[in-house]
Structures are given as C-alpha cells and as structure tokens.
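*Asks:* Submitted below is the structure of interest, expressed as structure tokens.
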Amino acid sequence: MELKDLLYDKRGHAAWVTLHRPHALNAITCEMIRSLRLAAEDARDDANVRALVITGTGRGFCAGADIRVLDSTSLAGFRDFLVLLTEVWSFIRTFPKPTIAAINGVVVGAGFELTLVCDFRLAARTARIGSAEVRINQPMTNGSTYLLARLIGETKAKEIGMTGDILDAAEAGRLGLVNSVVEPEALEYAVEELVQKLVSRGPLAVAAVKQSFARNRDVDIETAIMVENEVATACFTSADQKEGLEAFREKRARQWTGK
C-alpha cells in the first residue's frame, strides 16, 4: 500500500492516520485524500483495529484544501477535486468503527469538515478551529451545514459558517463542538484513553449505537425507536451478548469477539 502525504501506523487496537505535509499545515492534496481512503479501508478490514484516529503532523491538524492547487485548477478540475473529497469524507462519516479526530493544532476548511464527520473530536488547548472558507469565497461543503447545526445549534453554526471566524479550543469545548480539551502534550494520552474505553465495550453494541445515531438523524421518534430495537435484537442474538452477561455475573474482564 503506497501512501502519500500521510503516515499510517497501528498502536494496539487503534489505527492512526497522520496528515503529513507540515510545511503547509497539512493542507489537503488529491494524493492525501486517496491515501486516506486506502488507510481507512485497511483499518476497516483489520479485525484487530477497533478505532480509527486522524491527526496531523506539526503545528496543524489541517489547513484545508491546498490553496495553490485550487488557484491553478480549472472548473472541471475543481469539480473533480470536490467529488473525490466528498467520496472520502463520506467514507469516514459512515466508517463502521469509532472515528476520533485528535485536533493537535489549527484546523480550517476541508480539514474542519473532516473533523465533523468523525465520531469524537479531542482538541489540544492550543488548537484553533473553524470553517473560514467564506474568506476565499467558498461555502461549507460535505454536509457541514447539516452536521455542524446538529452539533452546536443552527444559530452558532450559521455564525461560524457565514463569518469564517476561528474558535479557540476552549470556546469549541463550551459549544460542544469538541468532546474535550487537553494540554498539547496530553492529547495522545487522552486519545489512547478513549480508545481503551471503547475497546472495553462490546464491539457489536458500539457499532450498533453508531449506526442508530446515523440512521436516526432525520427521522421521527417512532422510527428511531424501531431502528434502536432492530439493532438491539441483533446484538441480543450475538455471542458477545452471552459473554457480556457471563462476565458481569462472574466479575471478570470481558473477552469480546465481535460475533
């Protein structure tokens, strides 16, 4: 697997993708997008991997699409770039395992949109977070108006999207845009702690909860209940269900198989 503009490694039960163009604050290229898809597919297919972590090298998580690429491309080229970006960001949004954005520094534009499609966002205290695309006359894309409004409410989402203002990590935490804010040197530990917590839970149940949230975003409560009951029934018939109950009774660690 040949990857460009990112690093990929596995640590315990987590696959780590590190956007790696530090000289450009990890600005996005087509090569990076394609490599992210390849790495994520490998993480999806590895039964030992229980979570996917995305972070950046150096001072930034991701500065969005590389302005030099956008400045030199044609309309057809921009459309192709947008289609590729949408396909891969959608792949991350629908990834079957938990996804974590470890926001180590500045993140704007398409990088910000990448964090929105992740399940969890953990930020270093020094991170700066926002859309900023309107500053170059671009709107938010990849379903970001949909996702951001559901995370922090439409009023504040409109303010972020329409002004291009950048939030500090503390404000992002207050708004509920990120799950937690930690000191920069503690970010990796905080991510690993979250991964361990997720790994200790039943993998089928974790996946079912994620699936239910995704399916229930735009439905009425009756449909939401139906979806939840459907995935609960599937979990109940699994071997992990029996293991979870037996381990609880026996007061021992659970040995999940994902079956």
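The values are calculated or read from the model by the stated rules, or taken from the named source; none is laboratory data. What you see is a predicted model; the values in this text were computed from it and never measured. Cβ atoms come from the backbone with ideal geometry, glycine included; neighbour counts cover every protein chain shown. Surface accessibility is based on the protein's heavy atoms, side chains included, excluding ligands, DNA and RNA. Shrake-Rupley method; radii C 1.70, N 1.55, O 1.52, S 1.80 Å.
*Asks:* Do any trypsin sites (Lys or Arg not before Pro) in the range 1-45 lie in a loop, going by DSSP, with at most 15 other beta-carbon atoms within 10 Å of their beta carbon, and if so which?
*Replies:* 4
*Asks:* Ok, one more. Work out how far the C-alpha atoms of the range 73-148 reach from end to end along every principal axis, then list the three figures in whole Å, largest first.
*Replies:* 37, 31, 20
*Asks:* Same structure, new question: Return the subset of 210/242; 10/197; 156/197 for which the Cα-Cα distance in this structure is over 28 Å, preserving the input order.
*Replies:* Check vs 28 Å cut-off fails for 156/197.
*Asks:* Take every Cα pair under 8 Å in the range 143-259 that's 6+ residues apart, average their separations, divide by the length, and report that relative contact order as a whole percent.
*Replies:* Relative contact order of the range 143-259: 17 percent.
*Asks:* Moving on. I'd like the FRET efficiency for residue 168 and residue 38, computed as 1/(1 + (r/R0)^6) with the beta carbon distance as r and R0 of 30 Å, rounded to 0.05.
*Replies:* FRET efficiency, residue 168 to residue 38: 0.35.
*Asks:* Sticking with this one: For the range 122-259, just the Cα set please: Rg and Dmax, both in angstrom.
*Replies:* Here Rg and the maximum Cα pair distance are 19.4, 61 Å.
*Asks:* Separate question: Measuring with a 1.4 Å probe in the full set of protein chains, what accessible area per residue, in whole Å², belongs to the chain?
*Replies:* Per-residue accessible area for the chain comes out at 51 Å².
*Asks:* Calculate how steeply helix 30-45 sits against the longest principal axis of the alpha-carbon atoms of the chain, using the helix alpha-carbon long axis, and give the answer as 0 to 90 degrees to the nearest 10.
*Replies:* The answer is roughly 0 degrees.
*Asks:* Now for a separate question. Helix 203-215 versus the longest principal axis of the chain: what is the Cα-based angle in degrees, 0 to 90, to the nearest 10?
*Replies:* Taking Cα atoms only, the helix is inclined about 50 degrees.
*Asks:* Just to check I understand the Karplus step: with θ = phi - 60° and J = 6.51 cos²θ - 1.76 cosθ + 1.60, what whole-Hz values come out for the range 141-152, glycine and proline as x?
*Replies:* 10, 6, x, 5, 5, 5, 6, 5, 4, 6, 7, 10
*Asks:* Where does each of 181-188, 46-53 land if you order them by average Cβ count within 10 Å, highest first?
*Replies:* By packing density, highest mean first, the sequence is 46-53, 181-188.
*Asks:* Scale the Cα Rg of the chain by the rule-of-thumb value 2.2 N^0.38 Å and send over the ratio, two decimals.
*Replies:* For the chain, the normalised Cα radius of gyration comes out at 1.04.
*Asks:* Compute the long axis of helix 221-236 from its Cα atoms, compare it with the longest principal axis of the Cα atoms of the chain, and write down the angle in degrees, 0 to 90, nearest 10.
*Replies:* With rounding to tens, the tilt is 60 degrees.
*Asks:* A follow-up question, please. Tell me the carbon and sulfur percent of the accessible area for the chain, rounded to whole percent, probe radius 1.4 Å.
*Replies:* 55
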